[in-house]
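Report on the following structure.
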Amino acid sequence: MQAASWPSSSAKTSSSEPRPPTKYFLYPMTSVLVLGELTEDMTLDPVTGELIAAARQIGDDIGVALLGTELDAPARAAIALGASSVYTVEDPVLDGPEIDPKVAATTEVCKQVGPDVVLVGKTQDGRETGPRVAFCLGAGLAQDCIRVGTDAETGRVVATRPVYGGSAMATVTFPGDGLQVVVMRGRAYEPSEPDASRMGNVVPISVDLTSSPGRVRNIRTVAQASEGVRLEDADIVVAGGRGLGGPEPFETVGQLADLLGGAMGASRAACDAGWIDHSYQVGLTGRTIAPNVYITVGISGASQHMAGCSGAKQIVAINKDREANIFKDASYGVVGDWQAVIPSFLETVRDLVDS
């Protein structure tokens, strides 16, 4: 494939400044490349399906880049979810946690494929890969987006992202005509139902990773045992905060989450206090979640925390402070001491489960 290059551009927040003269272009098709990801057992990560669904809001020509080994099954899964083409880069080094080889591989795929837009998930890898690829290609970058579309006049991407700790939403777009890189929050879009009858192309791309800089080296990997659904994938999340008063109440929070078939979370204050591991933290500097139901216990609702759960469909707040900020965003609220509320709630849930 012929390598493509793009002039430098950057994401720009819309404002009241006069707009430049309108330019009209013909846009027969916008090409979107999704940076796919794999799970630890080498299956297609759900975030890839979410990004494919987001890509449909931008264009019809949707490609997926997959990096690693044993990519045949994940490639078929991506096509079933709506990809027109899957571009694979097979190399064992891409199965590891090092980011530099992934950046090099993704950059080369972009050069060979020449997409108009690259969509990246805001995952542990994606939040590092997206900005670095944008820099390598002199492209515009929009971070932490929750919605995407296109400008009717220019055909350029228009994205919505939270700002000021989630207390406001900004609409950003890309001036010029260069490549556009958009990093999307998890669960911003629902994946389509897979259709195994869909047809698509699988295109292997050869990338020489021996010259990759490799400035960061993984010294040791420590596996943390986990049970149940992942926090980011849970439809129901029950989270505790500073109002619980100590580590012991998190056992009760965990019991409620288990009964509801969900996952347990926590506020940064609770994690910083050492009551629970930071892997449970929800917020701007923790995990971003978008469950159907988010139950908070003793969480005040600071803007940094709300930035991590703004995608929740329904928020149920339990807090003894009726002035707590969490009630401004909650669909349902209970003003009361959690020690009086949660036991009866648990008992009711158990009765419903047993019946």
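The values are calculated or read from the model by the stated rules, or taken from the named source; none is laboratory data. Computed from a predicted model, the values in this text were never measured in an experiment. Note that we place each Cβ from the backbone using ideal geometry, even for glycine, and neighbour counts take in every protein chain shown. These accessible areas exclude ligands, DNA and RNA; they are computed on the full protein's heavy atoms, side chains included. Shrake-Rupley method; radii C 1.70, N 1.55, O 1.52, S 1.80 Å.
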(message) Along the charge dipole of the stretch 55-117, pointing to its positive end and built from +1/-1 on Cβ of Lys, Arg, Asp and Glu, which listed residue (VAL117, LEU71, VAL89) has its Cα farthest out?
(response) VAL117
(request) Calculate the dipole size of the stretch 167-257 relative to its Cα centre from +1 charges on Lys and Arg beta carbons and -1 charges on Asp and Glu beta carbons; express the result in debye to the nearest 20. (result) 480 debye
(request) Treating only the Cβ atoms of Lys and Arg (+1) and Asp and Glu (-1) as charged, compute the dipole magnitude of the chain about its Cα centre; round to the nearest 20 debye. (result) 1240 debye
(request) Have a look at the stretch 282-349 and give its Rg and Dmax from the Cα atoms, expressed in angstrom. (result) 11.8, 34
(message) Helix 99-113 against the longest principal axis of the chain: what's the angle in degrees, Cα atoms only, rounded to the nearest 10?
(response) 50 degrees
(message) How tilted is helix 249-259 with respect to the longest principal axis of the chain? Cα atoms for both, answer in degrees (0 to 90, nearest 10).
(response) 70 degrees
(request) Over all alpha-carbon pairs of the chain, lay out the pair-distance distribution in 10 Å bins, whole %, shortest bin first. (result) 5, 23, 29, 24, 14, 5, 0
(request) Quick one: dipole size for the stretch 261-355, taken about the Cα centre, charges +1 on Lys/Arg Cβ and -1 on Asp/Glu Cβ, in debye to the nearest 20. (result) 280 debye
(request) Could you pull out the longest piece of the chain with no exposed loop chymotrypsin sites (Phe, Trp or Tyr not before Pro) in it, calling a site exposed if DSSP puts it outside H, G, I, E, B and it has at most 16 other Cβ atoms within 10 Å? (result) 26-355
(message) Between the stretch 150-216 and the stretch 63-121, what is the separation of their alpha carbon centroids in Å?
(response) 13 Å
(request) Answer with one residue from VAL163, ILE146, SER206: the one whose Cα lies farthest towards the positive end of the charge dipole of the chain, charges on Cβ with Lys, Arg +1 and Asp, Glu -1. (result) VAL163
(request) Could you check how much of the accessible area of the stretch 93-212 is carbon and sulfur, as a whole percent, using a 1.4 Å probe? (result) 51 percent
(message) Can you report the principal axis dimensions of the stretch 183-301 using only the alpha carbons, biggest first, rounded to whole angstrom?
(response) 55, 42, 25
(message) Compute the helix-to-body angle for 126-136: its Cα long axis versus the longest principal axis of the chain, expressed 0 to 90° and rounded to tens.
(response) 30 degrees
(message) Under 37 °C and 0.692 mPa s, how fast does the stretch 31-139 diffuse according to Stokes-Einstein, given a Kirkwood radius computed over C-alpha pairs? Answer in µm²/s, whole number.
(response) 243 µm²/s
